[in-house]
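Enquirer: Once you've had a glance at the structure underneath, I'll fire off some questions.
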Amino acid sequence: MKDMQAQLEKLQRDAAECALIRDLATDPKKRELFAKLAEHLAVLASAVEQAIGESTAATSLLICRPSRKNVDASLTELP
């Protein structure tokens, strides 16, 4: 999970740097190129962020999920 978080942070930094270069570029072609790069990196960062969220949610479900044995025992104890 730490590796995915590090990759997310790198993608976000790279997207921000490309956006800065885009804003500073005087050549229209370079401005367009860095705008596309910034957008692409932002989309990738969003996908990684979503994957981290899904992975965290799945891990939480596994940790919090009661075992089948406990569920069966609680059902037999009902009045």
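Enquirer: Can you tell me which residue among Asp23, Asp72 is at pLDDT below 95 and either in a helix (DSSP H, G or I) or farther than 19 Å from Ala6 by Cα (or both)? Don't jump to the end; show me each part of the working.
Expert: On the way: Asp23 fails: at pLDDT below 95.
Within the list Asp23, Asp72, the selection yields Asp72.
Enquirer: Still on this structure, please answer the following. State which residue pairs qualify: first residue surrounded by 13 or more Cβ atoms within 10 Å (Cβ to Cβ) and inside the range 1-17, second residue among the acidic types (Asp, Glu) in any location, beta carbons under 6 Å apart, and separation of 6 or more residues or different chains.
Expert: Leu8/Glu49
The values are calculated or read from the model by the stated rules, or taken from the named source; none is laboratory data. Predicted model only: the values in this text are computed from it and were never measured. Counting neighbours? That spans all protein chains shown, and the Cβs are built from the backbone with ideal geometry, glycine included.
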